[in-house]
Amino acid sequence: MKIFNLSMECYPVAKVGGLADVVGALPKYLNKIEGVEASVIMPWYNKPFVHNHEFEVVFDGRIHQSVHMFQVQVMKEKSQSLGFDLYLVKIPGLLDRDNPYGYWDESQQFLAFQHGVLHWLSAMQIRPDILHCHDYHTGLVPFMIENCPEFNFLKGVKTIGTIHNGEYQGQMRWDMANYMPWFYGEQWGLLDWAGYINPLATMIKCCHAFNAVSDGYMHELFQSFRGLESLVQQEGAKAYGIINGIDTEVWDPKTDAFLDFNFTKENAFEGKRKNKKSLCEEYGLNPELPLFSFIGRFAGEKGADLLPEIVRKSIQETNGSLNIIILGSGEKYIENHLAELSSTFSNFALDLGYKEHLSHKIYASSDFLLMPSRVEPCGLNQMYAMRYGTVPIVRYIGGLRDTVEDISTGGSGINFGSATANDTVAAMHRALHIYHEPGLMEKLVQSNMNFNFSWENSAQKYLELYKR
């Protein structure tokens, strides 16, 4: 079975969020299954990975967007160093930039990527069994292969659409249709939602099956989907929930090269203590205090706007008997507010930006991880945390509901109900009681490291969906 994953991100080539981790791991684990050949197709970026690996040009062609003609080059990584074939699509002027997102013409970029991929596959007569489209950036592919004559060779190829985050749908004005390959005009309704072209809605309408990245999130989309509730209800017969996994080869405290001290389940409590001491010394924190952490984007859906109040309230209410470290970036007003607090409280450390190596260190060092999310389709951070023996404190929503059971019902985490600073801090107070209970914290560390969130299980479920 030949599967192409189409995505704007893939770790370690280019990463903004969890999408990259999923796309960088799923095909690797699929390829461990006999008879499966999974690959990734993504845009070319001006990134270290691209410059540090050898590529060969496997296609050189042209596409039209409106009145413009663009060169399309497809490059294949020679060594298969990621465990799968990696193809990069380079379109000078559109897909040759530093980062995946944040450009004024990104709708045109995403259209060009999808057009370029299908042009290459059609021109080279490459017909996969499955085109797996990740998020709205590739959501028009299922429509294009059925309704654009240019891609008649691909007509009938099965398509799967994965919703990593339904908050982002790619909505654009209808004049952007001029940048698409020519399609049968009578099929315009497949593109339309509420008077706009909506790529995520189009994906749901046109793909053969679609899934969300957890059962919990799939159920939530039926009730709350930023205007697409009726659509997902209508198309519900082809809806599935498949929880993400984590790459246990990358995320392994026994071998993780980013850690100052590696450890296993057998010596986890001591190993975490050593890493915590090292991290606290680096940031001027007291290693004898419990360490709470947050890692992620400073966005409303992550509850990041609550962080300043969580920091202030928790430190004041406990008389400073805890440490907090935050790693992330995003909304500037959140960054600025947290920066002010870091100069006010000596037991609060802030590191702005995306730093993969530091995230590994924080997972290994922390006692507790905070996830006060308003929306969490799956969540990977809680899985990374548990893999490293850290206790997750999570809002009971989406994929967090599927992966973190509260300690009061036999689980190894702490749940709370509302995305508010008060509920989060109340959960932190519970955590402090656990931390100071003799033997209980060590038991939770061991318990969390026993969970198996490997992609092996999730990859098998995707394979079953492909076959179905």
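The values are calculated or read from the model by the stated rules, or taken from the named source; none is laboratory data. Small disclaimer: the values here were computed from a predicted structure and weren't measured. Please note: Cβ atoms are built from the backbone with ideal geometry, for glycine as well, and neighbour counts cover all protein chains shown.
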Scan of the stretch 8-67 for residues that are touching a residue at least 24 places away in the same chain (Cβ under 8 Å) and of a type in the set (Lys, Arg), ordered by number: Lys15, Lys28, Lys32, Lys47
The stretch 61-88, residues that are surrounded by fewer than 17 Cβ atoms within 10 Å (Cβ to Cβ) and on the phi > 0 side of the Ramachandran plot: Ser66, Gln80
Trp182 being surrounded by fewer than 17 Cβ atoms within 10 Å (Cβ to Cβ), in contact (Cβ under 8 Å) with a residue 24 or more places away in the chain and over 30 Å from Glu405 (Cβ atoms): yes
Check on Phe70, over 20 Å from the mean Cα position of the chain (by Cα), modelled with pLDDT of 95 or more and of a type in the set (Phe, Trp, Tyr): yes
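If only one of Val40, Val58 is assigned to a strand (DSSP E or B), surrounded by fewer than 20 Cβ atoms within 10 Å (Cβ to Cβ), in the same structural domain as Val16 (by TED's automatic domain parsing) and in contact with a Phe, Trp or Tyr (Cβ under 8 Å, 6 or more places away or on another chain), which one is it?
Working: Val40 fails: surrounded by fewer than 20 Cβ atoms within 10 Å (Cβ to Cβ).
Just one listed residue meets the conditions, Val58.
Select, from Ala364, Ala304, the only residue that is closer than 27 Å to Asp256 by Cα and either touching a helix residue (DSSP H, G or I) at 6+ places or on another chain (Cβ under 9 Å) or at pLDDT 95 or above (or both).
Ala364
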From the options Gly413, Gly439, Gly389, residue that is buried (at least 21 other Cβ atoms within 10 Å of the Cβ) and out of contact with any Lys or Arg (no Cβ under 9 Å at 6 or more places or on another chain): Gly413
Some residue of the stretch 354-364 being crowded, with 18+ Cβ neighbours inside 10 Å and among the acidic types (Asp, Glu): no
Any hit, the stretch 167-179, residues being touching a Leu at 6+ places or on another chain (Cβ under 8 Å), of a type in the set (A, V, I, L, M, F, W, C) and surrounded by 21 or more Cβ atoms within 10 Å (Cβ to Cβ): no
Residue match in the stretch 128-143 (condition: over 25 Å from Pro92 (Cβ atoms) and part of a helix (DSSP H, G or I)): yes
